[in-house]
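Structure record follows, encoded as structure tokens.
The values are calculated or read from the model by the stated rules, or taken from the named source; none is laboratory data. Predicted, not measured: the structure shown is a model, and the values here were computed from it. Here the Cβ positions follow ideal geometry from the backbone for every residue, glycine too, while neighbour counts run over all protein chains shown. To get the accessible areas, we keep the full protein, side chains included, count just its heavy atoms, and leave off ligands, DNA and RNA. Shrake-Rupley method; radii C 1.70, N 1.55, O 1.52, S 1.80 Å.
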Amino acid sequence: MSALGKELTRIRHAWDVLCGLSDVPDTPPEVQPEVRPEPVLTVAEPNQGVPVRDQVHQALALLTVPASPKLLSRVHQAFFSSPLNTARLTTLRRDEERSFRSAPYGRAYYICPALTFDLLSPARGLLALSTWPLEQRLVGPLTQRVHFLTSALRLADAAEHLAGEAGMPQPVQQLLLHYSRNIHGDTSRGLLDLDALRLAAAAELEIHADDDADTRAEAAQRAREQLGDAEQIFGNILRDTARLRRTS
């Protein structure tokens, strides 16, 4: 076996031991390298074979705000190394509601729609987690921007943990450049500056956050008073929305 082949075999067994796939390395202790391979950050591990439902949960848990299928797919591709099958998401949401209605709270979480603040009905094209408080799943007039800024901060923090000696992965950098170009006050073009992105996002978030929180808190109170458990998660059915319109 060539020297290169032996080195590759040694590295593969060292990695298996680190990951718990092998109890004893093939190479004797005296030839073990002093510098151990650095463990890969959890969010960057491949997700081959992971069900779509779990992939959506991973992306939403990272963002902490409701998101569109397109954004969920981009986030999962960037941080979890695999895209989402967005064509499955419509069917998935229906399956989640059907499961809850047949056996309420039988699962640890449900993929559900975000809810509109006025009608308390499903917000088109936005997915959330049932384990989030109602306030976190509601969408008001300012919420889309607040969510954009919040997710920018979350992804910037996650990207900083991913960036090592090899630099930030290209899909992560491209995603964050998209955020950077769309946040007021951050004029960077082509070069990503995480600190500038955070400062700009936090400054604008401070402007909108309180008004948005008040709107959603009021809507959450109405939802708790007027809706059952299933409707608080999956939204009010259309024939009842007229009576739930917010009064002035």
| field | Peptides ranked, highest mean first, by Cβ atoms within 10 Å: ranges 57-65, 216-224 | value | 57-65, 216-224
| request: Any chance you could look up the accessible area of Glu97 with a 1.4 Å probe, heavy atoms only, rounded to 10 Å²? | output: 40 Å²
| task | Determine the sum of side-chain charges near Val146: Lys and Arg each +1, Asp and Glu each -1, restricted to other residues whose C-beta is under 15 angstrom from that of Val146. | result | -3
